[in-house]
Amino acid sequence: MALVLNEEQQMLRDSAAGFLAEKAPVSALRALRDGGEGKGFETALWQEMVDMGWAGIAIDENYGGLGYGYVGLGLILEQCGRTLSASPLQSSVLVAASVVNQLGSDEQKRALLGGIASGAKIMTLAMQETAHHGIENVAMTATAQGDEYVLNGRKVFVLDAAQADQFIVIARTSGSAGEQAGLTGFLVDANAKGLAVIDRTMVDSRSAG
């Protein structure tokens, strides 16, 4: 069934298209590749996106967002794809916020989603451990020590890892690699003791760790 956009959604799409054509054309990605800030996106451009409400576009109004849902976010991401615009929209807004929304308690949503929506924090998902996607491949362990857990292992292809303020890290509280059961998500601050991030520039000039 075809998706029919209402007037508000059409305005959102057209506004995003105009903004990105002016502020983030394909030439901007080339400039980023050839000598940008070295962080995978331009801070000033990301701040403009935040100021327009894009960071909270899919987040419910009860948690500090605009409540346009994934149709609204999808319209913006579609236009970003047209110009190859680089930003934390995918890592923080699409992926991390969705994980919090699906797995978090109401208290956790209130504590975390507002910061993403306001652009005050960048959050990213740390799940992959191999070259092939598969949640069952997770081998990182999470061992309880008192009221906390100690995580032991490594992750790869974590989008915007060097710029993230917090990570949602998927680790095993039971079972072993090859099993889908026994996995838990942990919120880890970027300055957590024992955490090391190796920043890598990907083939599309984006940053991952």
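The values are calculated or read from the model by the stated rules, or taken from the named source; none is laboratory data. Nothing here was measured: the structure is a model prediction, and the numbers come from that model. Backbone-built Cβ (ideal geometry, glycine too); neighbour counts: all protein chains shown.
Overview of values
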read-out	value
Of all residues making up region 79-99, the number that are in contact (Cβ under 8 Å) with a residue 40 or more places away in the chain, in a helix (DSSP H, G or I) and closer than 22 Å to residue 47 by Cβ	10
Residue count for region 56-85, restricted to those that are farther than 30 Å from residue 32 by Cβ and either buried (at least 21 other Cβ atoms within 10 Å of the Cβ) or outside the structural domain of residue 25 (by TED's automatic domain parsing) (or both)	1
Matching residues, region 75-102, being in contact with a helix residue (DSSP H, G or I) (Cβ under 9 Å, 6 or more places away or on another chain), more than 14 Å from residue 116 (Cβ to Cβ) and not aliphatic (A, V, I, L, M)	78, 79, 80, 82, 83, 85
Any pair with Cβ under 8 angstrom, 6 or more apart, that starts in region 49-73 at a residue that is of a type in the set (Ser, Thr, Tyr) and ends at one that is assigned to a loop (DSSP other than H, G, I, E, B)	68/57; 68/58; 70/58
Enumeration of residues in region 12-42 that are out of contact with any helix residue (DSSP H, G or I) (no Cβ under 7 Å at 6 or more places or on another chain), assigned to a helix (DSSP H, G or I) and surrounded by 12 or more Cβ atoms within 10 Å (Cβ to Cβ)	14, 15, 19, 28, 29, 30, 31, 32, 33
Hits in region 46-78 - residues which are on the phi > 0 side of the Ramachandran plot and in a loop (DSSP other than H, G, I, E, B)	53, 64, 67
Entirely in region 121-209, the strands (runs of 3 or more DSSP E) that have 2 or more residues that are within 17 Å of the chain's Cα centre (by Cα)	123-126, 166-172, 183-189
Scan of region 43-64 for residues that are touching a helix residue (DSSP H, G or I) at 6+ places or on another chain (Cβ under 7 Å) and among the hydroxyl-bearing types (Ser, Thr, Tyr), ordered by number	63
Residue match in region 86-94 (condition: crowded, with 21+ Cβ neighbours inside 10 Å, touching a strand residue (DSSP E or B) at 6+ places or on another chain (Cβ under 7 Å) and closer than 20 Å to residue 166 by Cα)	yes
